[in-house]
Amino acid sequence: MGDHIVKITLAAILALSALGLGSTQAAAQDDPAPGSGDLDTVSIKSASGDTLSLQQKSTQTEALKITDGIYQATGFGNSFLVVTDEGNVVIDTSLPQNAAGHKKLLDAVSNKVPEYIIATHAHGDHVGGIPLWRGKDTQVIAQENSVEFLHYQKRLSGFFALRNSAQFGLDIARPDVGDAYPGNFEADIPATILFDDKYEFKLGGLTFVVESAPAETLDALTVWIPEKSTVFVGDLIYESFPNIYTLRGTKPRWALDYAQSIDDVLLLNAEIMIPSHGEAIKGTDAVREALTKYRDAILYVHDATVAGMNAGKDVHSLMEEIKLPPELALPEQYGTVKWTVRGIYDGYAGWFDGNPSSILSIKPNASNISLVKMAGGPDAVVTQAEALFGKGDDLSALSLAESVLSVDPKHKPAWAVRLKILQKLHKASANFNEAGWLGYGIRQSKKALAE
Ligand SMILES: [Zn+2]
């Protein structure tokens, strides 16, 4: 990775996506919040390094035939059409702004109103097109945890709007929704069929086994069509280490859920595995290999974190220590091992770090006023930050700049050195989420310097 063009493309994709992400609420036009949906997935180069798995403005002219009767419209969130003699099934519907294009491509294959729509989970890049696809008799199938998930997204829509606008580079004013109380249980629920563990139906000689497979979200599901030895896995696996902790903020995602859900898919011995981002994997060996490696990488990080917790180690030491062995290495363009270690640690233990001082509500920067003064004042500290930056110790330099800014938020030399450091880190970053937040820091610094 590290290809700057790819990175810019991705930033654009993510920015565009986040803008339109009101998921079902936006589509129902009762949620004015830009970016209030939960964007979560990845658009990255393949392991071979030469293809983008996702496209922002699709150049696709006809639907991709994955196998007989199964077609894909590719995008930020693929949409799938399964055609049978008795009617069609749509699996995932992409973002609202992609949905019309996807529908057009898939309508060219068969334009019947679908009998069923199945959402692999309630993220905006999977449910965005439901209103466009559904007819009055269409059944919409979702796992029952989607109800709380959609309520939770709506409940915190102001928070997510701010986080998404920062992370995806949307310099928008604080959205109106942030000042409003959105209600605790006010989301629109598109599903007509909700299930707990498993839901099965037959259509046109095909069996659709829809099964709970929690991972990114608790409502995640897989769709298994045994007659075609094909499984749709949503976002259970994609071409990066998973985003088990997401910087834009979300409830904990459980590593062991991923492992269990992947195990369940492995039992199917599928010949074709279709993820909702990226390309289908064909061949039982290739499917098994991809799933096994993914599961083992997740379990490795989980188990090492738990071992470290039991050994009394602190989260920061474990973030430094835990690395995937070469045979399990996955690209980290989206999720990272470090954030996952912290996500697992804090997911299990919460915010208290075992230091009695931490329960006394001492603010993180409380000592900086004294320390910066003792060090000779803000200018002296910035001089030291510059010196460290010159020696390549970017993180120590950044830490000093932040210390000064915590004491004096208008200290322009501190903003200037912070800007330089963040720009350097941004240029070197090969992770989209990290690059997004570094970009936010850069814009913040520039704004402070211009004031
Ligand atoms: Zn997704």
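The values are calculated or read from the model by the stated rules, or taken from the named source; none is laboratory data. As the structure is a computational prediction, the values presented were derived from the model and not from experiment. Cβ coordinates were reconstructed from backbone atoms using ideal geometry, including for glycine residues, and neighbour counts include every protein chain displayed. Areas reflect the complete protein model, heavy atoms only, side chains present, ligands, DNA and RNA absent. Shrake-Rupley method; radii C 1.70, N 1.55, O 1.52, S 1.80 Å.
Can you work out the Karplus-derived ³J(HN,Hα) for every residue in the stretch 108-125? Use 6.51 cos²θ - 1.76 cosθ + 1.60 with θ = phi - 60°, whole Hz, and x for glycine or proline.
5, 7, 6, 9, 5, 5, x, 6, 9, 10, 10, 9, 5, 5, 8, 5, x, 7
Per residue and in Å³, how big is the convex hull formed by the alpha-carbon atoms of the stretch 357-403?
Each residue corresponds to 69 Å³ of Cα convex hull volume.
Go through 62-75, 227-240 and give me the packing order, highest mean Cβ count within 10 Å leading.
227-240, 62-75
So if the hydrodynamic radius of the stretch 363-450 is defined as the Kirkwood radius over C-alpha pairs, what does Stokes-Einstein give as its diffusion coefficient at 20 °C and 1.002 mPa s, in µm² per second?
164 µm²/s
Once you have the Cα-Cα distance between F159 and D303, take 0.36 nm times their residue separation minus that, and quote the gain in nm to one decimal.
48.7 nm
Taking a spot 7 Å from the Cα of L256 along the direction of its beta carbon, which residues of the stretch 310-327 have an amide N less than 17 Å from it?
Residues passing the 17 Å test: 310-311.
What would the Debye formula give as log10 I(q)/I(0) at q = 0.12 Å⁻¹ for the alpha-carbon point model of the stretch 251-305, no solvent?
-0.29
Can you flag which of K65/K228; K313/K363; K410/K446 are past 20 Å Cα-Cα?
Checking Cα-Cα distances, K313/K363 exceed 20 Å.
Kindly report the accessible area of the stretch 363-450 per residue (heavy atoms of protein chains, probe 1.4 Å, no ligands, DNA or RNA), in Å².
Dividing the accessible area of the stretch 363-450 by its residue count gives 54 Å².
Determine the share of the stretch 363-450's accessible area contributed by carbon and sulfur atoms, expressed in whole percent, with a 1.4 angstrom probe.
In the stretch 363-450, the share of accessible area belonging to carbon and sulfur is 61 percent.
Please list 3J(HN,Hα) in residue order for the stretch 286-299, calculated via the Karplus relation 6.51 cos²θ - 1.76 cosθ + 1.60 where θ = phi - 60°; whole Hz, with x for glycine and proline.
For the stretch 286-299, the Karplus curve yields 5, 5, 4, 4, 5, 5, 5, 5, 4, 4, 5, 5, 5, 5 Hz.
Seen from all sides and averaged, what is the projected area of the convex hull of the Cα atoms in the stretch 199-284, in nm²?
Averaged projected hull area, Cα only: 6.0 nm².
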